[in-house]
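Read-outs: derived from the displayed coordinates by stated rules, not from any lab. The structure presented is a predicted model; accordingly, all values stated were derived computationally and were not measured. Virtual Cβ from ideal backbone geometry, glycine too; neighbours counted across all protein chains shown.
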Amino acid sequence: MTSSGTNPPWGGAQRSASVTAAWELLLPAAAAPARGRGRALQEALREAIRSGRLVPGTRLPSSRELAADLRVSRGLVTEAYEQLTAEGYVRSDRGAGTWVSSAVRGAVRAAHDLAPRTPGASVDFRPGTPDLSLFPRSAWATAHRAALGRLPHSSLGYPDPRGLPELREALAALLARRRGVVADPERLVVCSGVAQATTLLGFVLHGRGLRTVGVEDPGSPEHASLFASAGLTTVPLPLDEEGLAPAPLTHSGVRAVVTTPAHQFPTGIAYSATRRRALLDWARTTDGLIVEDDYDGDFRYDRAPVGALQGLDPEHVAYTGSVSKSLAPGLRLGWLLAPATMTDDIVARKRTMDLGNPAVDQAVLADFVTRGGYDRQLRRCQRAYRQRRDALTAALAEHFPGTEVSGIAAGLHIIARLPERYGPEPVFLQRAAGRGIALRPLSDCGTMRPADRTVNLVLGYAHLAPPDITRGVRLLAQAQRDTRGQDIDGSRGPVFI
């Protein structure tokens, strides 16, 4: 190889530093095994151009010069130049040499993580996240090996957009047994979580002429953006102590409404039997659709959970659920049970959206459910989350006397209404943020604004170990000291309503 210091031999010291750096980058490619040397040289040149080490407008050495310096055949370099010219990385003008194309823009080398997290939070009480350390890695790995071992080659092609038949059958049996739904596997669609199920319904409703859909107020903030992506506007509908208030629903004129009747998010109430009947009467009278989001229906700690609303009228209720709270949201596996009149349209939309969920992941979940692993996981989570709920209410009783904890003993969060002496809410939240404590106020979940001195919090606990819950509440109390440095105290324990 030519010895010329740090400068490439095809231009001497006058060549730019970018060419020098790129020349050094090509040396490993030239030393690659003979069979792969051409591909290695092409990729090295691409990387030098993409990374900006060879900037647009840089003239490359002739094929003869580069081949001599790298001690490779001229044909190999010529082939590399021709391939990169065809791809648009370089341009070659007869008699004028080969140049880096101005059409190339350097790619960003770092990949940014946009996952929803709170950097720097010492304690995160925001709701919605399960304990990901409870994910059954060993059992899931066993199911994965079993699924791969039995999965025929044909199942690795494009799947039925509804999902693998064995998974739909396993989920139908599971949901009928645990949640009391009418589960026809032919009407069950495997989705990328409840988010995709909601979006699918939105597209189908929009295609049928609907432009609005009712949502609970307070309710999940995500519903508005999901339906907006399908061209629908959400109409907030108020709740009372029994569930969705009937009169505002009737007067709103909506033909579809999203509900969480087993454990309303975020208030934590369970719809009364009277309100469930009234909701179904509304759907039958208006030929409307109830979208039942059963986001945590398996987690009831004081009694058996109430069955799903869909079991009472599967032709007027679309039922959605997922493994996001029981296994992990990162699996992106959920389901949608649709009325018969909507199923074909939903499946057609699902097909154009993504051609179906990954077949291997579906096969693993089917094996995990049919072999009893999912039931064991639910029992494990129920024990852990009940213990953590108890730890949170005990810590609130100790450090925030007089706090009212509302809702049934279920799910992964509680509503805590603090005595007025801890308000106003903006000041409370500011003090908590100053200590690195992440909170979600109830006011984030609806249109109603809190009273001047009221502090209503939606506190998630499932993802926190009991010692962390106790420590977090203690830190939250310490953050709420008055200007004299004394703790704000009270005289009575928490009230459960």
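Near Lys325: Cβ cut-off under 11 Å, other residues only, Lys/Arg at +1 and Asp/Glu at -1. The net charge is -4. Shown for the chain is the translational diffusion coefficient from the Stokes-Einstein equation, using the Kirkwood radius over Cα pairs, a temperature of 20 °C and a viscosity of 1.002 mPa s: 80 µm²/s.
With each label modelled as a point 7 angstrom along the Cα→C-beta vector, the Asp468-Asp302 pair spans 2.7 nm.
Each label point was placed 7 Å from the Cα along the Cα-to-Cβ direction; for Ser122 and Thr285 their separation is 5.4 nm.
Based on Cα contacts under 8 Å between residues 6+ apart, the chain shows a relative contact order of 16 percent. Per DSSP helix of 4 or more residues, -39500 (n - 2.57); summed, then divided by the residues of the chain. What does that give at 222 nm, rounded to the nearest 500? Calculated at 222 nm, the ellipticity per residue is -13000 deg cm²/dmol. Remark on the range 350-393: hydrodynamic radius 12.9 angstrom, per the Kirkwood mean of 1/r across alpha carbon pairs. Relative contact order of the range 353-490, taken over Cα pairs closer than 8 Å and 6 or more residues apart, is 27 percent. Taking 0.36 nm per residue of separation and subtracting the Cα-Cα distance, full extension of the segment from Arg74 to Ser138 would add 17.6 nm. Placing R0 at 22 angstrom, the Cβ-Cβ distance between Arg277 and Glu315 gives a FRET efficiency of 0.85 after rounding to 0.05.
Okay, which of the range 183-212 sit inside 18 Å, backbone N to the point 7 Å along the Cα-Cβ direction of Val360? Under 18 Å, as judged by backbone N against the label point of Val360, lies no residue of the range 183-212. Would you please classify the overall shape of the range 78-163 from the alpha carbon gyration tensor, given that a ≥ b ≥ c denote the square roots of the eigenvalues, rounded means a/c under 1.5, and beyond that prolate means a/b larger than b/c while oblate covers the rest? Taking the square roots of the gyration eigenvalues as a ≥ b ≥ c, the range 78-163 is oblate.
For the chain, hydrophobic long helices are taken as DSSP H runs at least 18 Å long by C-alpha position along their axis with mean Kyte-Doolittle hydropathy of -0.5 or more; these are 17-30, 74-87, 137-150, 165-179, 193-207, 466-479. Cβ-Cβ distance of Val427 and Arg211, R₀ of 51 Å, FRET efficiency by 1/(1 + (r/R0)^6): the value works out to about 0.80.
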